[in-house]
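The values are calculated or read from the model by the stated rules, or taken from the named source; none is laboratory data. Computed from a predicted model, the values in this text were never measured in an experiment. With ideal geometry, Cβ positions are generated from the backbone for all residues, glycine too; neighbour counts draw on all protein chains shown. Ligands, DNA and RNA are stripped out before the accessible areas are found, and what is left, the full protein with its side chains, is counted by its heavy atoms. Shrake-Rupley method; radii C 1.70, N 1.55, O 1.52, S 1.80 Å.
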Amino acid sequence: MELRFPLAEEPDDAAREAARKLFVGEVDFLKGVVAMDGLPPDDRAEVCFAGRSNVGKSSLINALTGRKGLARASNTPGRTQEINYFTLGRERYLVDLPGYGFANAPVQVVEKWQALLKAYLAGRVSLRRAFVLIDHRHGVKPVDNEIMTLLDRSAVTFQVVMTKADKVKGVAHDKILDQVRGQLAKHPAAYPEIVVTSSEKGDGIATLRSIIATLT
C-alpha cells in the first residue's frame, strides 16, 4: 500500500546546486509588517513559514539562507509580532510569520497579531505555499490544526516541515511521523509530502531549498 504523506525525496545534484546558488545569492531583510496595508506589492512569488513559538522557525530560515543572523531567534516565545519579509533574489519573497500558540504578551497584543496572521493567509494572492513547521519532539498540536484548518478554508496549499529531527530517535521518530500523517489526512490543503529537517545538523535543508526554488 502506498504511504500517504511520504517524506520528500532529496534533490538530484543539478537541482541541489541550482537551489544552493539561489539561497547563497542575494537574501536581505526587507521589512517588518504590522498591518495588511504595510505588505509589499504582490509582484513576485512568496512562500511563508508558520509555526508555534519556539518551533525553530528562525533557525530554519537562517539554515536555509546560510546566514546565522538573518532571522532573529528569541528565547522568549511570542516575541516576534510582525510579518517579516526577506527578499530571495529578485523574484521571490521569504516570509516569516508571527509564532502562534503561546506568548508572554498582553492579550490585546496577541489578538492583534493573530488577526494579522489570519488576514495574511486568507488574502495574499502571491503566496505559493505555506510551510507549517512542526516540532518533531511533539507532533501536531491542536493549535497547529487550527492554522491548517484556516489554510484549508483559504485554499492555500501548505506543506509540513518537521523541525529538530536530531532530537528524536528510533521508534519515537516513526511514532511522531505516524501521528502527523494521521492529522494531515484531515486537511484537504495539505501537500502530500513531509520534509524532515534539523537546522543544527543540516538535515533536509537541501531538500527544502529545492522545493522552494521550484515554486514560481
message: Within the chain, which is the longest segment that contains none of the GluC sites (Glu not before Pro) sitting in a DSSP loop with at most 15 other Cβ atoms within 10 Å?
response: 92-192
- line: Residues whose built amide H sits under 5 Å from the amide H of Y100, excluding neighbours closer than 5 in sequence, are G51, R52, S53
message: Using a probe radius of 1.4 Å on heavy atoms only, what accessible surface per residue do you get for segment 87-216? Whole Å² is fine.
response: 45
message: Loop only by DSSP, 16 or fewer other Cβ within 10 Å of the Cβ. Give me the trypsin sites (Lys or Arg not before Pro) in segment 19-58 that pass, ordered by residue number.
response: R44
message: With a 1.4 Å probe and all protein chains left in place, how much of the accessible area of segment 112-197 comes from carbon and sulfur atoms, in whole percent?
response: 53
Within segment 146-180, trypsin sites (Lys or Arg not before Pro) in DSSP loop having at most 13 other beta-carbon neighbours inside 10 Å: K169
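Given the chain, what whole percent of its Cα pairs are spread farther than 26 Å?
On the way: 6932 of 23220 pairs.
Cα-Cα pairs in the chain separated by more than 26 Å: 30 percent.
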